[in-house]
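Peer 1: The structure is given below, and queries will be raised subsequently.
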Amino acid sequence: MHRSHDTGGTETPTNVRQCRRMEEKNSFDLKTVKVHRTTEATVFEVAFVILAIIVWGIIIWMIHRAPDIVPTHFDASGKPNAYGSPSGIIIPCIILTAGAILCMGIAYFPRHINMPFKITNIRQVEWTIRLIRVMGITLLLMPLAVVYMMLSKSSPSLVPLLGVLGLLHLEIIVFIILINKAK
């Protein structure tokens, strides 16, 4: 059995397993990771496109059947305080959809993903990429929640919007735990 010696504050490995762990930690560089197309990525992207078509079909249908003037802004109590054309709702929906598309694209460039901790191995990269793809699909529901909130026949409700935000937070928490366990 090998014993570690005092080397002035640096850790000396005492066995092969520790040596390999140190090499992994010291040699892993996120900037060199290249993400290639996989079956998993294709499944996520096909699901994203199908969901985008469905969501935008519903959005266009809801805008088409809306009255000429709809509430476009609400105060803190949920009462409308501004009105406009239903087509004005399309701009925020396009911006939210662009954010979802950005998530799906950034999954191919993990070095640009901002995480609250340092990614130290390839398993963490894989989980991070999955997180971003799942978030992209969930973000695609946000425009639908906004349109439903603004164009619903009954009084406006934040429930759909808060539901999507709650789901996003839950996904982030679960995936952060999984990424941390992958160390």
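The values are calculated or read from the model by the stated rules, or taken from the named source; none is laboratory data. Predicted model, so just to flag it, every value in this text is computed and none were measured. All Cβ positions, glycine included, derive from the backbone under ideal geometry; neighbour counts span all protein chains shown. For accessibility, only protein heavy atoms count, side chains too; no ligands or nucleic acids. Shrake-Rupley method; radii C 1.70, N 1.55, O 1.52, S 1.80 Å.
Peer 1: Out of (1) surrounded by fewer than 16 Cβ atoms within 10 Å (Cβ to Cβ); (2) in contact with a helix residue (DSSP H, G or I) (Cβ under 8 Å, 6 or more places away or on another chain), the odd one out for ALA66 is which?
Peer 2: For ALA66, the exception is condition (1).
Peer 1: Hey, does the stretch 141-161 have a residue that's of a type in the set (Ser, Thr, Tyr) and farther than 18 Å from PRO92 by Cβ? Steps first, answer last, please.
Peer 2: So in the stretch 141-161, the residues of a type in the set (Ser, Thr, Tyr) come out as 148, 152, 154-155, 157.
Adding the requirement that they be farther than 18 Å from PRO92 by Cβ leaves 154-155.
The answer is yes, given that some residue of the stretch 141-161 is of a type in the set (Ser, Thr, Tyr) and farther than 18 Å from PRO92 by Cβ.
To keep it simple, each residue is scored yes or no on (1) surrounded by 14 or more Cβ atoms within 10 Å (Cβ to Cβ); (2) modelled with pLDDT of 95 or more.
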site	(1), (2)
CYS93	yes, no
ALA98	no, yes
CYS103	yes, no
TYR108	yes, no
HIS112	no, no
ASN121	yes, no
ILE129	yes, no
ARG133	yes, yes
ILE137	yes, yes
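Peer 1: Between residues in the stretch 90-109 that are free of Cβ contacts under 8 Å to residues at least 24 places away in the same chain and residues that are basic (Lys, Arg) and open to solvent by less than 50 Å² (accessible area, probe 1.4 Å), which pairs lie under 7 Å by C-beta distance while being six or more apart or on different chains?
Peer 2: Hits for this filter: zero, empty list.
Here is a yes/no grid of residues against (1) closer than 30 Å to ILE60 by Cα; (2) among the aromatic types (Phe, Trp, Tyr):
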position: TYR83; (1), (2): yes, yes
position: PRO86; (1), (2): yes, no
position: ILE89; (1), (2): yes, no
position: ARG111; (1), (2): no, no
position: TRP127; (1), (2): no, yes
position: ILE132; (1), (2): yes, no
position: MET135; (1), (2): yes, no
position: PHE175; (1), (2): no, yes
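Peer 1: May I ask you to verify whether VAL33 is at pLDDT below 85, open to solvent by less than 70 Å² (accessible area, probe 1.4 Å), closer than 29 Å to VAL146 by Cα and of a type outside the set (S, T, N, Q)? First the steps, then the outcome.
Peer 2: On the way: at pLDDT below 85: yes; open to solvent by less than 70 Å² (accessible area, probe 1.4 Å): yes; closer than 29 Å to VAL146 by Cα: no; of a type outside the set (S, T, N, Q): yes.
No; evaluated as a whole, the condition is false for this residue.
Peer 1: Test PHE74 against the stated conditions and say whether it is modelled with pLDDT under 85 and either out of contact with any Asp or Glu (no Cβ under 6 Å at 6 or more places or on another chain) or under 20 Å from LEU139 (Cα atoms) (or both). Lay out the reasoning, then the answer.
Peer 2: Working: modelled with pLDDT under 85: yes; either out of contact with any Asp or Glu (no Cβ under 6 Å at 6 or more places or on another chain) or under 20 Å from LEU139 (Cα atoms) (or both): yes.
In short, yes.
Peer 1: Looking at the stretch 143-183 only, could you name the residues that are part of a loop (DSSP other than H, G, I, E, B) and either of a type in the set (S, T, N, Q) or open to solvent by less than 40 Å² (accessible area, probe 1.4 Å) (or both)?
Peer 2: If the condition is that a residue be part of a loop (DSSP other than H, G, I, E, B) and either of a type in the set (S, T, N, Q) or open to solvent by less than 40 Å² (accessible area, probe 1.4 Å) (or both), then SER152, SER154, SER155, SER157, ALA182 are the ones that fit.
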